[in-house]
Every structure is written in C-alpha cells, then in structure tokens.
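Single-structure report; data block below.
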Amino acid sequence: MSEVQILQSVQQFMARQHGHFIDGKLVAAELLDKVDIVNPSTEQVVAQISIGSQQDVENAVKSAEHAFQNAWAETTPYERGVKLNKLADLIEQHGEELAQLESLSTGKLINISRHLEVAQSVIFLRYFAGWATKINGQTMQPSIPSMQGEKYTAFTLRQPIGVVAGIVPWNFSLMIGVWKIGSALTTGCTIVLKPSEFASLSLLRLAELAIEAGIPAGVINVVTGKGETGQYLIESPLVKKVSFTGSVPTGIAIGKLAMSSDLTRVSLELGGKNAIAVLADANIDEILPTLLQVTFVHQGQVCASPERFFVHHTKYDELVEKLSNALSSFKIGSAMDEGSMFGPLSNQPHFHKVKHYLDMAKANKQIIAGGEALDQTGYFVQPTLISFKNTDDPLFSEETFGPVVGVMPFDTDEELIQLMNQSRFGLTASIWTNDLSKALRLIPKIEAGTLWVNMHTFLDPSVPFGGVKASGIGREFSDAFIEDYTELKSVMIRY
Ligand code: NDP
C-alpha cells in the first residue's frame, strides 16, 4: 500500500496563516507567537497555529455572549436541530478533508480518522440535533394549604446556561469538539472551543463549515493556544460553564479555577487505568480479534481503552501467548498509509512519556512483547505487553495513555473485584464471558462509569458516559448532558 494522496484543499488549509475563529470569521491573532503542528509520522512541520492571548479570548467570549443573547436565543428548537443536522451533512461531505487533517496532525491512522473520528462525529451530532426539540421542564402540583380558596401551580423551565468553554484534548479533537458543540448548541448555549495545541486544525475547519451550515456568527468560536489560553477562558466572567476533557492533573486545576471564578459550572471527563476481566469460560480465539482492536485502536491513546488485563489463571498462559504473537505481526507505519495497522504516537512530549514507561518496564524485566521505541523518523513505539509485578507497580496504577498493556492472573471473583477496583480512576471496565449470570453479579461491584460485557472502548450517543472516582465529574450523551448545559428555573403561580 502507498500513502494517501493529500487533497489540494488540505494542503491549502495547512499552508494558511491560522488565526482564531471569532464571530463567524478567521481573525488574526494578537500575538505573533506560533506553535508548529508536526506530522508525527514524519516529524515535519505541516502547519502553524496561533497562541490565543487574553484579548483574543475576551473577543471570542464576547462574540459568543452576543450570539447567545441575540441570534441563537432567537432560533426555535426546531431550527437549531435543522442547523446541527446541516452541519453533520457538511462534515460528511468534507469527511476526507477532515480525516486527512486529523491524520496529518495527530498520527491517527487514516482509516480510523475516516471511519471512527469523522463518521462518529456525524452520528453524535445528528443525535444531539434530535434533542433540540425534546428539552422540556415539568409541571408540578404544590401542596400549599389553601386559606381563602386560592390555588397554586408550578412548573420548571430548562434554560440554556449561556456561554460554554469547551476544552478539548489532542486524541480525538474533532469528535470530542463535536460532543461539546452538540451538547451546547442543542440546549441553546453558544461555545468557545480551545483545542489542544497539537490538534487544532480540524476544529478550525469545522467552525468554517458551521457558518456554511447557517449557524449564526459567534455561536461557535475557536481560540487556539496552550494551557494558558484555556485558563483565560475559564477565568472569563461571561463563561457560565466549562466542559473539559483531558488529564486528571489539568482537570483538578481547571475545577479549582472554575470554582474560584464565581462558581462556574464544570464537567470533567478525565483519564482512566481501565481494567478488563477475562473469566475462566472465555474462548480466547473468539475474543482475541476484538480485544486487540479495542485495546490498540489509535495506539492506545483513547481514554476509554483498557491498560490492565486480569485473566483467570486457567486462561493466562494461552492469552499471553496469543496476544504476544498477534502484536508482533502488527504492521507499524505512517498514519497516511492505508496498509498500516498501527501508527505513531500523536506528539513528541507524549512519545517521551510513553518511552519513559517502556524504559521502566524494560529495567524491571516486565516486557512480554514489544517494548521498543523504533529507531526511525516519527514517534513510533511497538505495541507492548508487560506483566505487572504487583499492585504497587507504578505501571499498575499510572495511566500511560499509550499502547502499553499489563497482564495479571487472578483466581477467585473476590480477588478479581479487588484488583479491578484498586485504582484512583474509574472510567471504564469490561468483563469477557458467556456466563451472563456471573457478569450480572460482578457488574454492581466494579467501580467504573461505563461497564461493558464482551466489548470495550466504543461509545454510543444513546448511552451516558463519564467517570467515577478521579476519572471525572458529570456525564455526557443520552439525556444526561442536559442538566449540565441548562439551568432549571422553578416558577410558582398563585391563582
Ligand atoms: P491535558 O489535560 O494535558 O490537556 C487537555 C486540554 O487542556 C488541552 O486543550 C490543553 O491544552 C488544555 N490545558 C492544559 N493545561 C490547561 C490549563 N491549566 N488550563 C486550561 N486548559 C489547559 O490532556 P491531553 O491533551 O494530554 O489528553 C490526554 C488525557 O485526556 C488523558 O489523560 C486521557 O485519558 C484524557 N481523555 C479523557 C477522555 C474522557 O472522555 N474521559 C477522552 C479523551 C482523553 P494543550 O494541549 O495546548 O496544553
């Protein structure tokens, strides 16, 4: 297979002088400083983005506030749904362009960009569009005693919270950006997005498509930059809610900042050290292809994917042998090569972080398969299987956010539950078995926001998603997001 031909529209977009997208147009940044966007497959600079100053952020927030008070507030729920569906159509039409921007800047395999990131963005956006016409309050019957024949009634209104700050990580910037846009716009809010400095291009392009879709200027704004730009956004008094997806340390800092900015509402979707349990009855040959897919998709840089495998001792040797053989046959290569099965890590700092964990595992003789950073251009490491020494092992507890998976045998159900729950995180977990009765007994005991049986990692807009323990606060999708993006106003009437 050979490299995919880069579309002319993608080449032109990458070559632009990128500023910020504010009030419906690309505007020049106040600061001249730029950040290089590096293709992780080649280490070549493919584009440059701007760093958002406090003034740039303020301009974006004011534009979002104006659009909230005027243009967007004036639309009916039906119109909002229609415009979000139109944006979904445009994402679909520009799918190859958006997929290439993602693969060139984040090293996501082109087929994952096309069939997961772009395709799922369309599915999620259409789901959110459907909610626009279904967000309602309730009526109540108060029990206040009537003294002179008066009566009472009450109802609630679900009102949009206002300007939302959406802070997006680099791993699925388009899709996670779309989750935030869909949640905000369908409830009547407007948004300022701050993508990761490593992955801003697809959201800058999406903001242009939103104007083409008829979404009024100022409803979606994008200010690029580093962490500091995100901080300005959270501190803005006009921002009424922060929706953050990223790491636990940044999430905690953002939560504190939001609380000290006049109790700005905050939802945090954070990291995980997700566990899977392979029970004694599991058929290893049957589950292996799915296990490999859900674990190593996007080189393991998925918040929901598993990093800890607990395997019943009767199946441990078989699973380890078959996993090791499968990993050694992965074809590692450029993200833009349709024949690659496994691409580079997304950026240089993350490559060094994962390499540090590989070196640690090597020093402690824990490597079962893989374990090497490739001695070539690009941020490539091998998909890696390690054995956990014990539960004090940092590799047991710290999120690598990479293709580094540890295995450990277990004997009893009690031991399994204890091992799975031995983590500060609680994002996702899964049980691999055909013994449904046993799975149903284990599910309530496992501390995770999402629990799968015979699957892992894949999300659906109809199913709420979020973490317990240090994996976050709040839920996305289904009807769970509505509370986060609206205020519940109570109205009582005496008549
Ligand atoms: P980070 O926490 O480093 O960054 C996330 C976003 O926050 C980026 O846009 C970043 O900008 C910005 N940021 C960094 N510091 C600050 C700050 N002080 N104030 C405001 N914004 C700031 O996470 P990563 O981008 O490295 O993403 C990986 C992490 O995200 C992993 O832990 C992963 O598990 C988690 N994640 C969770 C998901 C979930 O749904 N639960 C989904 C996907 C990822 P910049 O990048 O420019 O520094």
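By average Cβ neighbour count within 10 Å, what is the ranking of 473-484, 183-194 from highest down?
Put in order of decreasing packing, that is 183-194, 473-484.
Highest mean first, what order results for 285-295, 195-205, 461-471 on Cβ atoms within 10 Å?
Result, highest mean first: 195-205, 461-471, 285-295.
Apply 1/(1 + (r/R0)^6) to the Cβ-Cβ distance of Val491 and Ile252, taking R0 = 35 Å, and write down the FRET efficiency to the nearest 0.05.
Rounded to the nearest 0.05, the efficiency is 0.40.
Only helical DSSP H runs with n ≥ 4 go in: add -39500 (n - 2.57) per run for the chain, normalise by residue count and round the 222 nm mean residue ellipticity to 500 deg cm²/dmol.
Value at 222 nm, helices only, nearest 500: -11000 deg cm²/dmol.
Can you spot the aspartates and glutamates whose alpha carbon is less than 16 Å from Lys241's alpha carbon? Ignore those fewer than 8 places along the same chain.
Leaving aside aspartates and glutamates fewer than 8 places away in the same chain, those within reach of Lys241 are Glu58, Glu65, Asp262, Glu269, Glu476, Glu483, Asp484, Glu487.
Looking at the square roots a ≥ b ≥ c of the eigenvalues of the Cα gyration tensor of the chain, which shape do they give, rounded for a/c under 1.5, prolate if a/b is larger than b/c, or oblate?
The shape class here is oblate.
Just report the Cα centroid separation between region 265-283 and region 114-137, whole Å.
That distance is 24 Å.
What order do you get for 228-234, 361-367 when each peptide is scored by the mean count of other beta carbon atoms within 10 Å, highest first?
228-234, 361-367
Out of the DSSP beta bridges found with both residues in the chain, what percent are antiparallel (nearest 5)?
Percent antiparallel among DSSP bridges in the chain is about 40.
Send over a whole-number figure in Å² for the accessible area per residue of the chain, probe 1.4 Å.
With all protein chains present, the chain gives 41 Å² per residue.
The values are calculated or read from the model by the stated rules, or taken from the named source; none is laboratory data. All figures in this text were calculated on a predicted structure; none of them were measured in a lab. Cβ coordinates were reconstructed from backbone atoms using ideal geometry, including for glycine residues, and neighbour counts include every protein chain displayed. Areas reflect the complete protein model, heavy atoms only, side chains present, ligands, DNA and RNA absent. Shrake-Rupley method; radii C 1.70, N 1.55, O 1.52, S 1.80 Å.
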